[in-house]
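Read the figures in this text as sums done on the coordinates, not as results from a lab. Predicted model only: the values in this text are computed from it and were never measured. Here the Cβ positions follow ideal geometry from the backbone for every residue, glycine too, while neighbour counts run over all protein chains shown.
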Amino acid sequence: MDVLPFGLFTNFGQFRQADIVRENSPKLIFGGYYSYNDGMSSRRGRTSGDIIFLNNDLEESLPDYEKYGFDFLFKFKGFSMLGEYVKSRSYLPSDIEYYVRNDGSLSTGITINDSNYPNNKLMLGQGYNIQLGYVFRNRTSLDLRYCHLDADDNSFLNNNTFYNRPNYYTFGLTKYLSRRYGFKIQGSVTFIELGEGANANVHSGNELEPYNRPLVSGHEIIYRFMTTFSF
């Protein structure tokens, strides 16, 4: 559910982060959402059949997944501010005994209270994102973004190869070539803090585990360049 206390944005600007049209009066939209997935078989509830747990009778026994959050967007005279917060949690059935591996074999010895193995397969925790931007009159935009992920103790967000990266800092520069968001050239650089034990995304020299290089601390830098056309 969304609320627009100051009326509609110009040119559907509530669906875009940048204030290209430079709103003459303050515009704000804020909202919240909630979802509950009864029996989830994926990491975050977007697909099905990716993660399967079974009970002693080899019947499906799947965790429930709850997610809620809120966000807002403010625009005024070229300035924009966007904020988001999300929280997720799981509810595990007590009869989970097996995990179905990718090859169809069963992983046994799953104990809910001791290892929380099922939770380690799910995206659990909370996070927030804040982004500031300013569009100059020549339709050049500068943007700053900070994102923080706070994983639960048992969560796939602690995976040392794909996640275990709690903080993201991004600077972006965009040139809009029209006033309708349809044509732009954009570049950005993102500085990522690695959590303790995270595997660096650089080759380790070991062909068997090419990217398994744990770090005590460190960072990654991602550069992006893109152009967008839409009609």
In whole angstrom, the spacing between the Cα centers of the range 90-104 and the range 142-204 equals 31
Whole-Hz ³J(HN,Hα) for each residue in the range 44-50, computed from phi via Karplus 6.51 cos²θ - 1.76 cosθ + 1.60 with θ = phi - 60°, x for glycine and proline: what do you get? 9, x, 8, 10, 9, x, 7
Charge dipole (the chain, unit charges on Cβ, about Cα centre) - positive-most of LEU177, GLN17, GLY83: LEU177
For the chain, whose charge dipole is built from +1 on Lys and Arg Cβ atoms and -1 on Asp and Glu Cβ atoms, the candidate among PRO63, ASN167, PHE156 with its Cα farthest towards the positive end is ASN167
Short to long, in 5 Å steps from zero, the percent of alpha-carbon pairs of the chain per bin is 1, 6, 11, 12, 13, 14, 13, 11, 8, 6, 3, 1, 0, 0
Count neighbours as other Cβ atoms within 10 Å of each site's Cβ, and list the GluC sites (Glu not before Pro) in the range 1-97 that are DSSP loop with at most 10 such neighbours. GLU59
